[in-house]
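Heads up, the thing below is written out as structure tokens.
The values are calculated or read from the model by the stated rules, or taken from the named source; none is laboratory data. Predicted model only: the values in this text are computed from it and were never measured. All Cβ positions, glycine included, derive from the backbone under ideal geometry; neighbour counts span all protein chains shown. Just so you know, the surface numbers come from the protein's heavy atoms only, side chains and all, with ligands and any DNA or RNA stripped out. Shrake-Rupley method; radii C 1.70, N 1.55, O 1.52, S 1.80 Å.
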Amino acid sequence: MKVSFILNGKPLTVDVAPGEYLVDTLRNNHVLSVKKACNESSCGACSVLVDDKVILSCSYLTQRVEGKKVLTVEGIQKEADELSDYFSDQGADQCGFCNTGLALTIHALRKELKNPTDEDIKNFVVANLCRCTGYQAQFLAIKNYLEAKK
Amino acid sequence: MEVAHYLKPKTLKEAYDALLQSPRNVLLAGGLWLKRSTPSVETLIDLDELGLDKIEDEGDYVKIGAMTTLRQLELDPLIKNLQEGLIVKAISQIVGVAFRNSATIGGSVAGRYSFSDILTPLLVLDAKLVFYPKEEMSLQDFLNLKGKLNSILTHIVIKKTRGLSFFKKVKITAIDFPILNVAISEENKKVKIAVGSRPAVSALAQRAAKLVNNASEITDAICKEASQIAVEELIFNSSVTASEEYRKLLAKTYIYRGLKEVLK
């Protein structure tokens, strides 16, 4: 089945199986920044934005993106580079596997929440799991980044 | 999940006809639990384009389309004002924002999941369910039905109430399934109490509520007695996450605290 959508600003048409999930479609089309980890909508590594809303691409059927905009970290390159500086400042980077999903979630947070409290920030990123760093360094990095971007 | 055919109907009739064609045809709402629970389907019937994603103000009632996402509900002013934001208290603790941008209220209700954090508050809000082609029933009656659903849940209707409310989800990690959840609603000092994930599906503690609602004066002793009655009238069991005894202790403690809070 053919599905057409806008990937990071460029139109794309792909041929997919009826039950194919977006994470597989993206990875089959060389968008390897989208990680497939738990594959059961629990870890947040596969987060992407569909029509400006962050979703879990491991549980989102590709058929549903017909005519919609899909944003992966390649579409926010400059922002992600900048964010990574804040992460390294706090020593919040290790293997980097979860960073792409987290960067997209932070992108969504910035769009949705004006002047978020510490609690708001934590609630927004709570389901983006990281198995290396513990969360305090990440939290401080995100907080500093949001503060600088005000 | 193996899917032989995918169908995105434009009308409810089309979706319903497809559903009746084979017992292996399945409705798709948010699809989050479906993926984890269903190895294969014949035709996956996607309800995404039926316009069922609206929250409507119907005067004394709020009418919620079954495909409304949990995130939509969480941010909606009508829902925030309903019974002191009871639904928001419960929903905001379900996994993360990305999950709640896909998960729908209809999928959560129709699945009758025993671990649901949504059924428990909806029970104390006395939610009514509307099905296609033609059926209406209370959530409570629906939870007592057995077997596969052969109609399509289209709306959840809730009376606008402005009393106090309590919700407690006991969990091991922030984004975990509940070990147990408790919801209490109050209006004019009358309460409804529901307990979910016992680990069986949510149910009302009717005898406990009756004791409180018939009391001439609400005392600490009444709240204590009601919490004891609730754990006697509802069935609790052990599972990998918690023992029956622990669940009963949690239920008793949080029902007591919840009653004190909403009846203060």
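Quick check for chain A: number of Lys pairs with alpha-carbon distance under 14 Å, counting only pairs 8 or more apart or on different chains?
13
From the Cα trace of region B:88-190, what convex hull volume per residue do you get, rounded to a whole Å³? It would help to have the intermediate numbers written out before the result.
Values: hull volume 11.9 nm³, N = 103.
With only Cα atoms used, region B:88-190 gives 115 Å³ per residue.
Counting only the heavy atoms of the protein chains, how much of A:K68 is accessible to a 1.4 Å probe, in Å² to the nearest 10?
Around 50 Å² of this residue is reachable by solvent.
With every protein chain kept in the model, how would you rank B:I105, A:I6 by accessible area, 1.4 Å probe, largest at the top?
On the way: B:I105 0, A:I6 60 Å².
Result of the area sort, largest leading: A:I6, B:I105.
Mind checking the log10 I(q)/I(0) for the protein assembly as shown at q = 0.13 Å⁻¹? Debye, one equal scatterer per Cα, no solvent, two decimals.
At q = 0.13 Å⁻¹ the computed log10 ratios are -1.17.
Could you tell me the largest-minus-smallest coordinate of the C-alpha atoms of chain B on each of the three principal axes, in descending order and whole angstroms?
59, 44, 31
Between region B:99-114 and region B:201-229, what's the alpha-carbon centroid distance in Å?
30 Å
Near A:V50, within a Cβ-to-Cβ distance under 9 Å, what is the net charge of the other residues, with Lys and Arg +1 and Asp and Glu -1? Mind showing how you got there, number by number?
Numbers: positive: A:K53, A:R64, A:K68, A:K69; negative: A:D51, A:D52.
Within the 9 Å Cβ shell, the charges total +2.
Might you work out the accessible area of B:E187 for me, using a 1.4 Å probe with all protein chains in place, and round it to the nearest 10 Å²?
So the heavy atoms of B:E187 present about 80 Å² to solvent.
Run down the aspartates and glutamates and flag those whose C-alpha is under 14 Å from the C-alpha of B:K171, throwing out any fewer than 8 positions away in its chain.
The reachable aspartates and glutamates, counting only those whose Cα sits under 14 Å from B:K171, are B:D117.
At 4 °C and 1.567 mPa s, what whole-number value in µm²/s does Stokes-Einstein give for the translational diffusion of region A:2-74, with Rh from the Kirkwood sum over Cα pairs?
Values: Rh = 11.9 Å.
Result for D is 109 µm²/s.
For B:K210, list the lysines whose Cα falls under 20 Å from its own Cα; do not include residues on the same chain fewer than 8 positions away.
Counting by Cα, and skipping residues close in sequence, B:K210 has these lysines nearby: B:K189, B:K190, B:K192, B:K224, B:K248, B:K252, B:K260, B:K264.
How much accessible surface does B:D57 have with a 1.4 Å probe, in Å² rounded to 10?
Surface open to solvent at B:D57 totals about 90 Å².
Keeping all protein chains in place, calculate the accessible area per residue for region B:135-264 (probe 1.4 angstrom), answer in Å². Mind showing how you got there, number by number?
Numbers: 6470 Å² over 130 residues.
Averaged over the residues of region B:135-264, the accessible area is 50 Å².
Partner chain Cβ atoms within 10 Å, averaged over the residues of A:37-44 - can you pull that number for me?
On the way: counts 0, 0, 2, 4, 12, 7, 2, 6.
Counting Cβ atoms of other protein chains within 10 Å of each residue's Cβ and averaging gives 4.
For chain A, what is the convex hull volume of the alpha-carbon atoms per residue, in Å³? Please list the in-between numbers first.
Values: hull volume 15.0 nm³, N = 150.
Measuring per residue, one finds 100 Å³ for the Cα hull of chain A.
When only the heavy atoms of the protein chains count and the probe is 1.4 Å, how do B:T241, B:T68 rank by accessible area, highest first?
So, going from the largest accessible area down, we get B:T241, B:T68.
Could you tell me the distance between the Cα centroids of region A:40-76 and region A:84-150, to the nearest Å?
So the two Cα centres are separated by 18 Å.
Sort B:H5, A:H30, B:H155 by heavy-atom solvent-accessible area, probe 1.4 angstrom, most to least.
Values: B:H5 95, A:H30 155, B:H155 30 Å².
The ranking, largest first, comes out as A:H30, B:H5, B:H155.
Report Rg(Cα)/(2.2 N^0.38 Å) for region B:164-262, keeping two decimals.
Rounded to two decimals, the normalised Rg is 1.02.
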